[in-house]
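In what follows, a structure is listed as structure tokens, so that the remarks can point back to it.
The values are calculated or read from the model by the stated rules, or taken from the named source; none is laboratory data. What you see is a predicted model; the values in this text were computed from it and never measured. Positions of Cβ are generated from backbone atoms using ideal geometry, with glycine treated the same way; all protein chains shown enter the neighbour counts.
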Amino acid sequence: MSSRRKVWKCCAIFFATLTCTGCFDQVEVDNLNTVVGLGIDQLDNKNVEVTVEIVNSTSQSASPDDKKKSGGKTESQTFVYSSKAKSIPEALDKYLSKLSKVLYLPHNSIVVFGQTYAQHGIDDAFDYLERSRYYRRNQLWVVTHTSARQLLESNAQTQPINALAMRNLVEQMAKSSKLYETDQLRVMRQYLSVSNSPVVSCVDIDETGNPYLAGLGVFRHAKLAAVLPMDESQSLTWLLCNSKQMVLTIPTAKRDEVKNTASIRILRMNRRVHCRIEHGEPVFEVAIQGKAEIEHLPEQTQLTPQFMKLLQSNVDKKIVADMKNTVDHLQKIDCDATQFGNVLFRTNPNVWRNLADNWQETFPHLKVSYTADIDLLGNGLTSTPPVSTYSPKGISPGLQNKE
């Protein structure tokens with residue numbers, strides 16, 4: 001009996017070891033090139049250039065004493081390499097013969113599309129990045145007016161790693177509007193929607209070589225149609241999602257001068273897009289509601305009820321005018337980045353199916369109306385301008401009026 005138990009124990013141990021995972025294919029961290037940024041540029045109709053930003057595993061954060069000894073110079077925390085080939089996977093495979101360590105892609109945080117590649121079409125990148133098991137779907141996608149290589153080689157002053165600095169820029173803006181948070185899942189969702197017009201954040205380089213957020217890139221299918229500047233990008237965020245913590249400069253007089261402008265902070269803004277059918281054609285209504293407070297007023301401005309009413313009216317007019325200008329721009333370039341097609345599909349699927357094949361011809365001629373209702377909740381910590389309390393005689397404000 002005891003011998004039979006020993007046999008069963010041996011068999012159980014044997015089969016248990018078969019199900020255990022092994023480490024025959026393990027790679028030590030020291031033998032990996034951890035990629036944190038990936039850039040893609042179009043060289044010609046046949047070749048692409050793939051640039052990677054790799055963490056320098058041998059570098060260490062220098063202390064202030066070390067920086068003084070080295071004259072303020074420290075070892076770079078990343079390396080940037082480029083490879084050219086006919087496709088993205090082929091270009092990445094070439095790194096096996098260029099680098100002594102294997103590329104590790106799961107920690108990649110950002111994918112940069114150069115302007116030439118984005119205008120040529122990023123559908124190949126869509127296919128590769130969606131198929132590959134080596135990338136996480138929360139990696140950020142951005143476009144740039146320059147080449148992706150130049151952007152990854154830029155000199156971010158706030159971060160030693162350019163890719164992380166650019167991601168922080170976008171995530172910082174995403175706190176005011178989720179539209180700037182253009183991760184792979186969000187962009188692919190827009191690309192596969194009926195509007196088929198994804199929106200991607202745009203990062204450029206300033207005169208000092210520092211990356212900055214330049215606006216939003218709007219795509220017509222898989223090709224870059226235009227890059228909206230920050231003012232139009234802000235209007236597009238009002239059309240597509242709820243926003244908060246944005247500053248608007250509003251004129252307070254007929255003459256639009258700096259001294260006649262006020263600064264208003266939007267605390268929160270909600271939007272509603274409604275579609276109705278008139279004579280078989282879709283008509284869209286965009287309604288904006290929100291709360292705001294005053295951050296700055298022109299000198300000697302008195303907060304009378306009439307002035308508050310005028311200021312609130314000017315805020316509403318500016319929001320309506322900005323949204324109209326942005327939609328007019330998108331209609332001129334035939335790019336449904338407003339996602340009106342998605343709204344029509346959700347509310348009137350039968351009408352959408354009749355217009356789907358000719359949506360490119362229909363969108364530029366859509367009728368759109370706009371309304372805005374922003375409530376000014378307060379005037380900050382003071383209701384009077386600081387200069388009103390000044391008296392050359394040193395008299396208190398309460399006694400100045402009596403004099």
Any strands (runs of 3 or more DSSP E) falling wholly within the stretch 49-149 and containing at least 2 residues that are modelled with pLDDT under 95: 78-85, 102-104
Residue under evaluation Leu311, criteria (1) assigned to a helix (DSSP H, G or I); (2) modelled with pLDDT of 90 or more; (3) within 33 Å of the chain's Cα centre (by Cα), criterion not met: (2)
Leu224, sole failed condition from (1) surrounded by 18 or more Cβ atoms within 10 Å (Cβ to Cβ); (2) assigned by TED's automatic domain parsing to the domain that holds His365: (2)
Whichever residue in the stretch 280-325 is farther than 24 Å from Val368 by Cβ and basic (Lys, Arg) and, among such residues, is surrounded by the fewest Cβ atoms within 10 Å (Cβ to Cβ): Lys309
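Evaluate the stretch 225-232: report whether one residue or more is within 22 Å of Val142 (Cα to Cα), small (Gly, Ala, Ser) and assigned to a strand (DSSP E or B). Talk me through it step by step, then tell me what you get.
Let us first name the residues in the stretch 225-232 that are within 22 Å of Val142 (Cα to Cα), namely 225-232.
Those left that are additionally small (Gly, Ala, Ser): 225-226.
If we keep only those that are assigned to a strand (DSSP E or B) too, we end up with 225-226.
So far as the stretch 225-232 goes, yes, one or more of its residues are within 22 Å of Val142 (Cα to Cα), small (Gly, Ala, Ser) and assigned to a strand (DSSP E or B).
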Selected residue [in contact with an Asp or Glu (Cβ under 8 Å, 6 or more places away or on another chain) and touching a residue at least 40 places away in the same chain (Cβ under 8 Å)] from Ala226, Ala214: Ala214
Scan of the stretch 341-359 for residues that are surrounded by 14 or more Cβ atoms within 10 Å (Cβ to Cβ) and either within 26 Å of the chain's Cα centre (by Cα) or modelled with pLDDT under 90 (or both), ordered by number: Gly341, Asn342, Val343, Leu344, Phe345
Filter result for Tyr117 (within 21 Å of the chain's Cα centre (by Cα) and either assigned by TED's automatic domain parsing to the domain that holds Arg220 or on the phi > 0 side of the Ramachandran plot (or both)): yes
Boolean, Leu164 is touching a residue at least 60 places away in the same chain (Cβ under 8 Å), among the hydrophobic types (A, V, I, L, M, F, W, C) and under 20 Å from Thr51 (Cα atoms): yes
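Okay, residues lined up against (1) over 29 Å from the mean Cα position of the chain (by Cα); (2) at pLDDT 70 or above; (3) under 22 Å from Thr144 (Cα atoms); (4) not assigned by TED's automatic domain parsing to the domain that holds Phe126:
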residue	(1), (2), (3), (4)
Ser2	yes, no, no, yes
Ala16	yes, yes, no, yes
Cys20	yes, no, no, yes
Leu38	no, yes, yes, no
Answer residue from the stretch 149-177, given it is buried (at least 21 other Cβ atoms within 10 Å of the Cβ) and of a type in the set (S, T, N, Q) and is farthest from Asn56 (Cα to Cα) among those: Ser177
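Looking for whichever is exposed (fewer than 15 other Cβ atoms within 10 Å of the Cβ), at pLDDT 90 or above and basic (Lys, Arg) here; the options are Arg265, Arg255, Arg271, Arg276. Which one fits?
Working: Arg265 fails: exposed (fewer than 15 other Cβ atoms within 10 Å of the Cβ); Arg255 fails: at pLDDT 90 or above; Arg271 fails: exposed (fewer than 15 other Cβ atoms within 10 Å of the Cβ).
The match here is Arg276.
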Selection within the stretch 361-375 - over 11 Å from Ser195 (Cβ atoms) and in a helix (DSSP H, G or I): Glu361, Thr362, Pro364, His365
